[in-house]
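One structure is given here, and the rest of the page talks about it.
Throughout, read-outs are computed from the coordinates displayed, never taken from laboratory work. A quick note: this is a predicted structure, and the numbers were derived from the prediction, not measured. Don't worry about glycine lacking a Cβ; one is built from the backbone with ideal geometry, like all the others, and counts go over all protein chains shown.
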Amino acid sequence: GSARFRGMSGSMGAIGGDLSAININAAGSVVFKYNTFSATLSGFNKKNDATYFGSNSSDSNFKVDINQIGAVFVFDNTDENSDWKKLSVGVNYENTNNFNNRIKINGTNPYNSIGDYFLNATQNVPFDVLNQYSYNELFFNEQQTFLGYDSYIIDYDSANDTYYTNVPNGGNFAQQKYTSSNGYNGKLTGNFAANYNDILSFGMNLNIHFTDYNTSSLLTERNNNGLYSTGYTIQSIKFDNDLYTYGRGFSFNLGTIAKVTNEFRVGLAYESPTWYRMNDDLNGDYLAVSDPNLINVYPSYSIKTPGKWTGSAAYIFGSTGFINIDVSSKDYSNTKFKPKNDDLFYNLNSVMDKNLKNAISYNIG
């Protein structure tokens with residue numbers, strides 16, 4: 001949000017008069033006396049320190065971005081006999097989340113190889129399915145088995161009907177993992193508000209949400225555990241994944257602010273659930289001696305995030321300052337993934353319904 005909004009700890013539900021405050025209570029835009037333009041730059045800095053089997057590493061990421069930009073236009077009613085004194089129309093964009101982050105770890109793992117990951121994926125995977133079906137027809141564990149087998153990381157013993165790893169045992173696997181993410185959650189808001197008799201203000205927002213998130217992980221491994229006398233020996237592996245998640249959503253806000261006295265104001269606001277339509281693309285390179293460079297494009301899915309109620313109260317100390325208190329209620333167990341008949345989403349929704357609860361939050365500024 002804007003610098004003023006942040007300085008108030010996001011607590012401006014009964015005050016308004018700020019473009020970011022209309023996200024709390026849509027009636028807040030009609031508090032403006034004049035047409036107003038606002039833009040905010042923010043610096044995001046993240047630093048991660050990691051320890052992996054005694055080896056230390058560090059990485060940091062800094063970025064300056066437009067965090068908020070918008071404008072509101074105020075129209076006074078020239079009809080002095082009307083109780084509707086003025087109305088406002090506004091548009092505002094906010095960067096609600098910044099996903100830029102980097103993590104690097106490296107060290108010598110005395111126990112596990114990447115080969116163990118692919119070997120564990122072979123559980124209950126018949127070897128015949130690797131030849132009978134194409135990659136996109138396989139389930140996840142079968143896909144991982146296929147990739148491990150295709151890159152010679154794992155192999156199959158037909159005589160004993162078992163899989164085995166071509167990575168030599170003995171530990172001391174020199175591993176390095178680098179993970180980076182970037183992207184954002186953004187919200188574009190169209191706002192309308194009106195003031196009645198200088199006592200009551202009413203407002204409504206229509207919001208379009210944007211999600212664009214990309215995370216990449218690169219895991220490399222080397223070992224000097226010697227060569228097998230027969231068959232294949234894997235001494236170097238690169239395991240690379242890129243996940244791209246993107247989608248759009250819609251929500252709305254309703255709000256009202258009442259001026260009880262010149263000094264005391266109260267507000268009530270409702271934020272609807274956000275209905276998202278999302279997509280995931282997974283791009284993977286699993287390189288030992290082959291480079292499949294496969295891309296998984298999953299079916300679109302929907303997410304409904306919970307709605308929120310906010311009650312506000314503010315007291316204005318003349319031209320000196322003011323204090324505002326916002327109390328919000330949000331039931332996170334109402335988060336839902338669709339299609340509901342999908343086994344994964346059914347289980348996920350069930351877990352959230354049982355474990356997530358209603359949260360009451362207090363903001364004072």
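Other residues lying with their Cβ under 13 Å from the Cβ of residue 80 contribute a combined charge of -2, Lys and Arg counting +1, Asp and Glu -1. So what's the net charge close to residue 265: Lys and Arg +1, Asp and Glu -1, counting the other residues with Cβ under 13 Å from its Cβ? Spelling it out: positives minus negatives among the neighbours equals -2. Inter-label distance, residue 76 to residue 332: 4.7 nm, where each label sits 7 Å from its Cα along the C-beta direction. Using Cβ point charges alone (K and R +1, D and E -1), the dipole size of the chain about the Cα centre works out to roughly 1420 debye. Near the amide H of residue 274, within less than 5 Å, lie the amide hydrogens of 305, all on another chain or at least 5 residues away, with H placed in the peptide plane.
Semi-axes of the equivalent ellipsoid of the range 214-365 are 52, 20, 14 Å, computed as sqrt(5λ) over the eigenvalues of the C-alpha gyration tensor in descending order. Taking amide H as placed 1.01 Å from N in the peptide plane, residue 296 has its amide H under 5 Å from the amide H of 282, 283, 284, each at least 5 places away in sequence or on another chain. The trypsin sites (Lys or Arg not before Pro) of the range 292-365 that DSSP puts in a loop, and whose beta carbon has at most 12 other beta carbons within 10 Å, are 340, 357. What does the charge add up to near residue 126, with Lys and Arg as +1, Asp and Glu as -1, over the other residues with Cβ less than 13 Å from its Cβ? Neighbour charge sum, excluding residue 126 itself: -3. Using only the Cα atoms, work out Rg/Rh for the range 25-105, with Rh taken as the Kirkwood radius, to two decimals. Answer for the range 25-105: 1.35.
Short-range pairs are left out: with C-alpha atoms under 8 Å and at least six residues apart, the relative contact order of the range 83-150 is 30 percent. Within the chain, which is the longest segment that contains none of the GluC sites (Glu not before Pro) sitting in a DSSP loop with at most 12 other Cβ atoms within 10 Å? Maximal segment without exposed cleavage sites: 81-262.
The fraction of Cα-Cα pairs per 5 angstrom bin, counted from 0 for the range 1-151, comes to 2, 8, 11, 10, 8, 7, 8, 7, 7, 8, 8, 7, 4, 3, 2, 1, 0 percent, rounded to whole percents. Can you pull the Kirkwood radius for the range 313-365, inverse mean 1/r over Cα pairs, to one decimal in Å? Roughly 13.9 Å, rounded to one decimal. Taking the Kirkwood radius as Rh and the Cα radius of gyration as Rg, the range 177-270 has a ratio of Rg/Rh equal to 1.48. GNM remark for the chain: springs join alpha carbons under 10 Å apart, and the peak mean-square fluctuation among 202, 73, 140 falls on 140. Bridging of residue 238 to lysines at a Cα separation below 24 Å is possible for 104, 177, once same-chain residues fewer than 8 apart are set aside.
The HN-Hα couplings worked out from phi for the range 145-155 by the Karplus form 6.51 cos²θ - 1.76 cosθ + 1.60 (θ = phi - 60°) are 4, 4, 5, x, 6, 5, 9, 6, 5, 10, 9 Hz, whole numbers, x standing for Gly and Pro. Counting lysine pairs in the range 27-94 that sit 8 or more residues apart in sequence, or on different chains, and whose Cα atoms lie under 17 Å apart gives 4. For the chain, the relative contact order is 16 percent, taking Cα pairs closer than 8 Å that sit 6 or more residues apart in sequence and dividing their mean separation by the residue count.
Within the range 109-192, the proportion of Cα pairs with more than 16 Å between them is 63 percent. Taking all Cα pairs closer than 8 Å and separated by 6 or more residues, the relative contact order of the range 1-73 comes to 30 percent.
Overall dimensions of the chain, expressed as equivalent-ellipsoid semi-axes from the Cα gyration tensor (√(5λ), whole Å, largest first), are 56, 22, 17. Where q = 0.17, 0.21 Å⁻¹, what log10 of I(q)/I(0) comes from the Debye formula for the range 225-275, counting one point per Cα? For the range 225-275 at q = 0.17, 0.21 Å⁻¹, log10 I(q)/I(0) is -0.80, -0.90. Extents of the range 123-281, taken as max minus min of Cα coordinates on every principal axis and listed largest first, are 91, 36, 20 Å.
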